[in-house]
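Asks: Quick one: the structure is below, and I'll ask about it shortly.
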Amino acid sequence: MERIRLKNKGIIARRTSVINELGMHARPASKIAQIAELAQSDVWLCANSIKVDATSIIDILTLGAVKGTKILIKIENQEDRVVLDQIIDFFEAGFGEI
C-alpha cells in the first residue's frame with residue numbers, strides 16, 4: 001500500500017486491493033458506504049478506470065471488484081484521513097471474512 005499526494009489541494013489517495021475470496025459484495029459495500037458517510041468531503045473508490053462515490057452502495061458494487069482487484073481510495077479533505085485509514089483497514093482485514 002502506498003500513499004499518493006495528488007496535485008489538487010488536499011486530495012490524498014491510497015492503494016489497496018480486495019483480498020477476500022468473495023470480492024466486493026453487498027455487505028462490505030454497505031460498511032464502506034457507512035464509513036465514507038463520516039467524511040466531511042467526498043470519498044472516492046477507483047478501479048479499472050472507474051471512479052465511484054464511496055457513500056453509494058450501488059456505485060461501489062458497479063466496480064465489480066473481485067479478489068485481487070486493485071483499488072485506489074481518494075479523499076478530498078485532509079481532515080478525513082481517519083476515514084481513509086478506516087476504509088483501508090477494512091480492506092486489509094478482508095472485510096472481516098478471512
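The values are calculated or read from the model by the stated rules, or taken from the named source; none is laboratory data. Everything numeric here is computed off the predicted structure, so don't read it as measured data. All Cβ positions, glycine included, derive from the backbone under ideal geometry; neighbour counts span all protein chains shown. Please note that ligands, DNA and RNA were not included when accessible areas were found on the heavy atoms of the full protein model with its side chains. Shrake-Rupley method; radii C 1.70, N 1.55, O 1.52, S 1.80 Å.
Asks: So if I check each of Lys67, Lys74, which one is open to solvent by 60 Å² or more (accessible area, probe 1.4 Å) and either touching a residue at least 40 places away in the same chain (Cβ under 8 Å) or of a type in the set (Gly, Ala, Ser) (or both)?
Replies: Working: Lys74 fails: open to solvent by 60 Å² or more (accessible area, probe 1.4 Å).
Answer to the check: Lys67.
Asks: Can you tell me which residues in region 33-51 are surrounded by fewer than 18 Cβ atoms within 10 Å (Cβ to Cβ) and part of a strand (DSSP E or B)?
Replies: Of all residues in region 33-51, those surrounded by fewer than 18 Cβ atoms within 10 Å (Cβ to Cβ) come to 34, 37-38, 40-42, 46, 48-51.
Matches in region 33-51: Cys46, Ile50, Lys51.
Asks: Which condition from (1) in contact with a Leu (Cβ under 7 Å, 6 or more places away or on another chain); (2) surrounded by fewer than 14 Cβ atoms within 10 Å (Cβ to Cβ); (3) more than 25 Å from Gly10 (Cα to Cα) is the one that Gly96 breaks?
Replies: (1)
Asks: Of all the residues that make up region 69-97, how many are within 17 Å of Ala29 (Cβ to Cβ) and assigned to a loop (DSSP other than H, G, I, E, B)?
Replies: 3
Asks: Taking the residues in region 52-63 that are surrounded by 15 or more Cβ atoms within 10 Å (Cβ to Cβ) and among the aliphatic types (A, V, I, L, M) as candidates, determine which candidate is nearest to the chain's Cα centre (by Cα).
Replies: Ala54
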